[in-house]
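**Q** Please see the structure below; I have some questions.
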Amino acid sequence: MNLPLGKVPPHLLGDTVFKYLGSRRDDIILGPSKGEDAAIVKAGNELLALHCDPISAAYNRVGLIAMNVATNDIATRGIRPRWAVSCILLPEGSDRTVLETISKDMDSAAQQLGVGIVGGHSEVTPGLNHPIVIVFPVGVAEGGKYVTSGNAKPGGKIILTKSVGLEGTAVLAYDKAEVLTRRFGREFVARCQSLFEKLSVMKEALLAFETNGVQAMHDPTEGGLAGGLNELADAANVGFRIYEDKIRIMPETRKICSFFEIDPLQLISSGSLLIVAKPENSQDILDRLDSEGIRCNVIGEITQDKNRSMIKKDGQEVTLPMPLFDDLWKAIKVTE
């Protein structure tokens, strides 16, 4: 069976990747697990959060995307990333301008995030048709405190920040700029491209964690909101119920999704953050984020049963399954 594009489906990980994890060590506090964003390991008296992520679908601003997307997964632990190592793979025929542009974008994003780039690797790789950038960030759990996806509890309120599909909207605005400009105009495309500046969730993740009452946080990347919710439910062995009319979708995202005939709830959504909060603390978190100019609202709740459903605007309850792959791949395949 050929694997689909993008992330390996979660149901395959247990039979493949998770069977081959090297030495069992006592200093591994939290290792690989479905729905978890970053590992936690002990180094001396400190707990470190570790993660890595590739950017493989985007052709433009890959350095900026890679730094933000990878560090997001450290921030969802309630931990500030401090350092990062990068790997830049370039297609044959690349010149130094390509390498410098990627490096500058990573540098700009890392400076805004307060992250030091401490090493890595760069090469020209046979068989590629566009650059691939991988970032491996590291953070220290202050006071040994952190949060996991697997701690979501029944009754917990599901908070969504910003809007879904931000990364997918921005990627398509660059990679399909010509066809989208013909359809919607240059100003529209420029607005969509500017969403790359909203991909970090570090601020809201750390603010929420500091406010108390956070049970779990998760970064909905590939598979969009639908994928992120299912990953979170897998990690915690719970279900969820969300409400369609509570989910924010920018008009630009709606237009692009309609144009490419894709689902905004299954479009890669870096820049949004899922927070599961204790019911008695959810309003405090909403107020704290709102006071910092971060739009957010409760879109549903965690359930004891294993059902994963969405109440549509017409009142119908439907299952919200794990997408087989991100709808970004469908749109990228569309020929102009």
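The values are calculated or read from the model by the stated rules, or taken from the named source; none is laboratory data. Predicted, not measured: the structure shown is a model, and the values here were computed from it. Positions of Cβ are backbone-derived with ideal geometry, glycine not excepted, and every protein chain shown enters the neighbour counts.
**Q** Looking only at the range 207-228, count how many residues are surrounded by 21 or more Cβ atoms within 10 Å (Cβ to Cβ), part of a helix (DSSP H, G or I) and out of contact with any helix residue (DSSP H, G or I) (no Cβ under 6 Å at 6 or more places or on another chain).
**A** Residues in the range 207-228 being surrounded by 21 or more Cβ atoms within 10 Å (Cβ to Cβ), part of a helix (DSSP H, G or I) and out of contact with any helix residue (DSSP H, G or I) (no Cβ under 6 Å at 6 or more places or on another chain): 3 in total.
**Q** So if I check each of G114, G156, G150, which one is at pLDDT below 95 and either under 20 Å from A70 (Cβ atoms) or among the small types (G, A, S) (or both)?
**A** Among G114, G156, G150, only G150 is at pLDDT below 95 and either under 20 Å from A70 (Cβ atoms) or among the small types (G, A, S) (or both).
**Q** On to the next question. Report yes if some residue within the range 56-77 is surrounded by fewer than 19 Cβ atoms within 10 Å (Cβ to Cβ), within 19 Å of the chain's Cα centre (by Cα) and under 27 Å from E142 (Cα atoms); otherwise report no.
**A** No; the residues of the range 56-77 include none that is surrounded by fewer than 19 Cβ atoms within 10 Å (Cβ to Cβ), within 19 Å of the chain's Cα centre (by Cα) and under 27 Å from E142 (Cα atoms).
**Q** Now for a separate question. Across the range 180-206, which residue is nearest to the chain's Cα centre (by Cα) among those that are touching a residue at least 24 places away in the same chain (Cβ under 8 Å) and surrounded by fewer than 19 Cβ atoms within 10 Å (Cβ to Cβ)?
**A** So the residue we want is K198.
**Q** If the requirement is being more than 24 Å from L30 (Cα to Cα), exposed (fewer than 14 other Cβ atoms within 10 Å of the Cβ) and either touching a helix residue (DSSP H, G or I) at 6+ places or on another chain (Cβ under 8 Å) or not aromatic (F, W, Y) (or both), which of these qualifies: H121, H130?
**A** H121
Yes/no per residue for (1) buried (at least 21 other Cβ atoms within 10 Å of the Cβ); (2) of a type in the set (S, T, Y); (3) at negative phi:
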position	(1), (2), (3)
N230	yes, no, yes
S258	no, yes, yes
L265	yes, no, yes
S269	yes, yes, yes
D287	no, no, yes
I299	yes, no, yes
M322	no, no, yes
K330	no, no, yes
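**Q** Here's another thing I want to ask about it. With over 20 Å from G78 (Cα atoms) and not assigned by TED's automatic domain parsing to the domain that holds I285 as the only criterion, which of E167, E123, E197 stands out?
**A** E123
**Q** Among what's in the range 228-279 and is under 19 Å from the mean Cα position of the chain (by Cα) and of a type in the set (S, T, N, Q), pick the residue that is farthest from V179 (Cα to Cα).
**A** N230
**Q** Also, quick follow-up: Touching a residue at least 40 places away in the same chain (Cβ under 8 Å), assigned to a helix (DSSP H, G or I), assigned by TED's automatic domain parsing to the domain that holds I299 and closer than 25 Å to E292 by Cβ: is that true of K255 in this structure?
**A** No: the conditions fail for K255.
**Q** List pairs: first residue in the range 28-46 and within 22 Å of V201 (Cβ to Cβ) and without any contact (Cβ under 8 Å) to a residue 24 or more places away in the chain, second residue part of a strand (DSSP E or B) and of a type in the set (A, V, I, L, M) anywhere in the structure, Cβ distance under 9 angstrom, at least six positions apart or on different chains.
**A** Note: pairs meeting the criteria are P32/A39; A39/I28; A39/I29; A39/L30; A39/L48; A39/A49; A39/L50.
**Q** Oh, and also: Condition (residue is assigned by TED's automatic domain parsing to the domain that holds V69, farther than 23 Å from V69 by Cα, surrounded by 14 or more Cβ atoms within 10 Å (Cβ to Cβ) and modelled with pLDDT of 90 or more) applied to the range 10-25: is it met by at least one residue?
**A** no
**Q** Okay, moving on. Got at least one residue in the range 87-100 being among the β-branched types (V, I, T) and touching a residue at least 40 places away in the same chain (Cβ under 8 Å)?
**A** Looking for residues that are among the β-branched types (V, I, T) and touching a residue at least 40 places away in the same chain (Cβ under 8 Å), one finds at least one in the range 87-100, hence yes.
**Q** So which of K176, K145, K162, K153 ends up being over 24 Å from L286 (Cα atoms), basic (K, R) and surrounded by fewer than 24 Cβ atoms within 10 Å (Cβ to Cβ)?
**A** Exactly one of K176, K145, K162, K153 is over 24 Å from L286 (Cα atoms), basic (K, R) and surrounded by fewer than 24 Cβ atoms within 10 Å (Cβ to Cβ), namely K176.
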